[in-house]
Amino acid sequence: MGDSWRIGVDEQENTTLVRTGPFKWVRHPIYTAMMAFGLGLLLVTPNLVALAGFILLVATLEVHVRRVEEPYLLRTHSAVYRGYTASVGRFVPGVGLIR
């Protein structure tokens, strides 16, 4: 990600849209990794607390991406990002495409 990596959204920053490496397969690979880790914890510790934590994690990431990150990326990269969202899944390859 290089200079494009940051925590949160900075409307003042002009970044390039990264579409290589893991971003070639999913739009939000860091969140995908967080969900995979959460799923792993759930499988190792199969109880209601772990299940609730996993559901909360997935729901929180989904809401954050849909309400904060993707609108920002659409404003910043417009047609390029729209094309990217039509061909690359949000968290899982091929799932969550925006057409």
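The values are calculated or read from the model by the stated rules, or taken from the named source; none is laboratory data. Bear in mind the structure is a predicted one, so any value in this text is a computation, not a measurement. When we count neighbours, we look across all protein chains shown, and the Cβ atoms used for this are built from the backbone with ideal geometry, even at glycine.
Quick grid of which residues meet (1) within 15 Å of the chain's Cα centre (by Cα); (2) part of a loop (DSSP other than H, G, I, E, B); (3) of a type in the set (Ser, Thr, Tyr):
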position: Phe37; (1), (2), (3): yes, no, no
position: Phe54; (1), (2), (3): no, no, no
position: Ala59; (1), (2), (3): yes, no, no
position: Glu62; (1), (2), (3): yes, no, no
position: Arg66; (1), (2), (3): yes, no, no
position: Tyr81; (1), (2), (3): yes, no, yes
position: Ile98; (1), (2), (3): yes, yes, no
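Within the range 64-79, identify whether any single residue is of a type outside the set (Val, Ile, Thr), at positive phi and in contact with a strand residue (DSSP E or B) (Cβ under 9 Å, 6 or more places away or on another chain), and answer yes or no. For the range 64-79, residues of a type outside the set (Val, Ile, Thr), at positive phi and in contact with a strand residue (DSSP E or B) (Cβ under 9 Å, 6 or more places away or on another chain): absent.
List the residue pairs whose Cβ atoms are under 7 Å apart, where the first residue sits in the range 65-88 and is over 13 Å from Thr15 (Cβ atoms) and touching a residue at least 12 places away in the same chain (Cβ under 8 Å), the second is assigned to a helix (DSSP H, G or I) and hydrophobic (A, V, I, L, M, F, W, C), and the two are 6 or more positions apart or on different chains. Cβ pairs passing all conditions: Arg82/Leu74.
Among the conditions (1) exposed (fewer than 12 other Cβ atoms within 10 Å of the Cβ); (2) within 18 Å of Leu39 (Cβ to Cβ), Ile55 misses just one, which is (1). Looking at the structure I just gave you, is Arg75 loosely packed, with under 13 Cβ neighbours inside 10 Å and either modelled with pLDDT under 95 or part of a helix (DSSP H, G or I) (or both)? The answer is yes for Arg75.
With respect to being under 21 Å from Thr76 (Cα atoms), in contact with a Ser or Thr (Cβ under 6 Å, 6 or more places away or on another chain) and at pLDDT 95 or above, Val18 falls outside the description.
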